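Student: Quick one: this structure, given as structure tokens, is what I'll be asking you about.
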Amino acid sequence: MRPRRGANLHSVDALVARCDFPPPGTAVDLGVSGGADSSALVVLAVASGCAVTVVHVDHGLRAGSARETELVAALAARYGAAFRGVKVDVDDGPNLEARARAARYAVLGPHALVGHTLDDRAETILLHLLRGTGAAGFSAMTPPDPRRPLLRLRRSETEALCAAEGITVVEDASNADGRFARNRVRHEVLPLLDDISGRDTAVLLTRTADLIAADDRLLDEEAARLDPTDAPALAAAPGPLATRRLRSWLAPVHGGYVPDAGEIERVLDVARGLATATELVGGARVARTRQTLRIEPDGDGGRSTPANGSPRGNMKPA
């Protein structure tokens with residue numbers, strides 16, 4: 001069902017044109033909290049021609065959550081989408097935001113679409129900077145992102161769309177909770193940066209991130225040409241390319257997580273002939289035989305062995 005407000009139909013089409021939805025007729029699950037961004041996601045996904053199922057996850061963290069579920073179910077019905085509501089238990093306490101997010105994505109699965117906008121992307125970039133990041137931190141949530149079709153839209157546009165459609169939006173009180181770093185970045189840091197620069201900082205950040213992401217992709221392509229098992233080639237390669245190639249080679253050993261700089265350097269020492277093997281976090285190790293590197297499933301008790309046979313220190317998990 002298309003939005004029925006004739007005065008708003010043109011603006012809906014204009015917004016859809018800036019989104020990255022899959023082709024019409026594609027079945028998609030949408031993660032919908034009932035806020036402006038996710039509610040706009042429903043309107044735009046239906047308008048794009050997708051076969052939409054709205055999924056609402058109730059964390060049970062605040063009073064009135066049952067009412068929120070009802071509002072999201074009504075929104076789905078209004079636009080002809082299927083609906084599925086799931087209740088999960090997340091206790092208040094440390095790392096609440098991360099635990100709630102993990103619970104939500106466990107329900108949604110790896111392919112559900114979510115309503116992140118350009119403003120969310122800018123917040124994420126700043127959070128990555130505050131935690132320490134390389135190019136990959138800038139490249140996060142770069143459009144087109146198959147899970148985040150609204151990344152080219154602004155939060156103000158999703159709010160305006162909901163207002164024009166007469167949608168009752170769920171106001172999540174936790175979005176103002178100063179315990180969460182993202183909220184402080186949203187309500188304090190970005191407005192202050194806007195004031196200092198006299199510019200729209202979110203646009204500047206995402207524009208810079210697009211440039212860095214393009215460079216990052218080029219470096220990935222160059223690094224992919226390296227054979228990570230060829231010790232002489234790895235040792236002779238420029239450091240940034242060798243490091244990048246080793247990270248992608250070792251990531252599966254870490255369950256997809258990026259190995260830290262210390263571990264990468266120890267593996268490079270093996271490639272350079274300064275050690276014959278080094279243990280990886282988790283127990284596997286990288287060893288060298290006849291100028292060839294290999295990953296072995298069992299380590300040697302946490303020690304690297306230099307070429308001269310003497311122990312080379314203990315590896316400590318990050």
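The values are calculated or read from the model by the stated rules, or taken from the named source; none is laboratory data. All values reported here derive from a predicted model rather than from experimental measurement. Cβ atoms come from the backbone with ideal geometry, glycine included; neighbour counts cover every protein chain shown. All accessible areas refer to the heavy atoms of the entire protein, side chains included, with ligands and DNA or RNA removed. Shrake-Rupley method; radii C 1.70, N 1.55, O 1.52, S 1.80 Å.
Student: Being more than 14 Å from the chain's Cα centre (by Cα), of a type in the set (Ser, Thr, Tyr) and open to solvent by 50 Å² or more (accessible area, probe 1.4 Å) is true for just one of Thr158, Thr133, Thr168. Which residue is that?
Tutor: Thr168
Student: I'd like the residue in region 282-300 that is touching a residue at least 60 places away in the same chain (Cβ under 8 Å), part of a strand (DSSP E or B) and in contact with a helix residue (DSSP H, G or I) (Cβ under 9 Å, 6 or more places away or on another chain) and, out of all such residues, is least open to solvent (accessible area, probe 1.4 Å).
Tutor: Among them, the one singled out is Leu293.
Student: Is it true that some residue in region 229-245 is open to solvent by 60 Å² or more (accessible area, probe 1.4 Å), among the basic types (Lys, Arg) and modelled with pLDDT of 85 or more?
Tutor: No: region 229-245 contains no residue that is open to solvent by 60 Å² or more (accessible area, probe 1.4 Å), among the basic types (Lys, Arg) and modelled with pLDDT of 85 or more.
Student: Determine if region 256-265 includes at least one residue that is out of contact with any helix residue (DSSP H, G or I) (no Cβ under 8 Å at 6 or more places or on another chain), open to solvent by less than 20 Å² (accessible area, probe 1.4 Å) and either within 15 Å of Ala135 (Cα to Cα) or touching a residue at least 24 places away in the same chain (Cβ under 8 Å) (or both).
Tutor: No, region 256-265 has no match at all.
Student: Quick one: would you say Glu279 is more than 25 Å from the chain's Cα centre (by Cα) and open to solvent by less than 50 Å² (accessible area, probe 1.4 Å)?
Tutor: Answer is yes for this residue.
Student: Could you grab me the full set of residues in region 179-206 that are hydrophobic (A, V, I, L, M, F, W, C), over 10 Å from Glu123 (Cα atoms) and surrounded by 13 or more Cβ atoms within 10 Å (Cβ to Cβ)?
Tutor: Phe180, Leu193, Val203, Leu204
Student: Does Ala176 fit the bill of being surrounded by fewer than 15 Cβ atoms within 10 Å (Cβ to Cβ) and either of a type in the set (Val, Ile, Thr) or more than 30 Å from Arg288 (Cα to Cα) (or both)?
Tutor: yes
Student: For region 186-230, how many residues are of a type in the set (Val, Ile, Thr) and more than 22 Å from Arg152 (Cβ to Cβ)?
Tutor: Selection size over region 186-230: 3.
Student: How many residues does region 207-218 hold that are open to solvent by less than 70 Å² (accessible area, probe 1.4 Å) and among the aliphatic types (A, V, I, L, M)?
Tutor: Selection size over region 207-218: 4.
Student: Which pairs have Cβ atoms under 7 Å, sit 6 or more apart or on different chains, and link a residue in region 220-245 that is free of Cβ contacts under 8 Å to residues at least 60 places away in the same chain to one that is acidic (Asp, Glu) and surrounded by fewer than 21 Cβ atoms within 10 Å (Cβ to Cβ)?
Tutor: These pairs meet every condition: Ala233/Asp227; Leu241/Glu222; Arg244/Asp220.
Student: Here's something else I'd like to know. Give the residue, chosen from Asp119, Asp145, that is within 17 Å of Ala214 (Cβ to Cβ), touching a residue at least 40 places away in the same chain (Cβ under 8 Å) and open to solvent by less than 30 Å² (accessible area, probe 1.4 Å).
Tutor: Asp145 is the lone residue from the list that is within 17 Å of Ala214 (Cβ to Cβ), touching a residue at least 40 places away in the same chain (Cβ under 8 Å) and open to solvent by less than 30 Å² (accessible area, probe 1.4 Å).
Student: Okay, next question. Which ones in region 221-268 are more than 23 Å from Gly282 (Cβ to Cβ), in a helix (DSSP H, G or I) and of a type in the set (D, E, K, R)?
Tutor: Listed by number, the residues that qualify are Glu221, Glu222.
Student: Separate question: Keeping to region 1-31, report how many residues are open to solvent by less than 80 Å² (accessible area, probe 1.4 Å) and either at pLDDT 65 or above or touching a helix residue (DSSP H, G or I) at 6+ places or on another chain (Cβ under 9 Å) (or both).
Tutor: Of the residues in that region, 19 qualify.
Student: May I pose another question? Quick check, is Pro311 over 21 Å from Leu234 (Cα atoms) and either modelled with pLDDT of 50 or more or within 29 Å of the chain's Cα centre (by Cα) (or both)?
Tutor: No: the conditions fail for Pro311.
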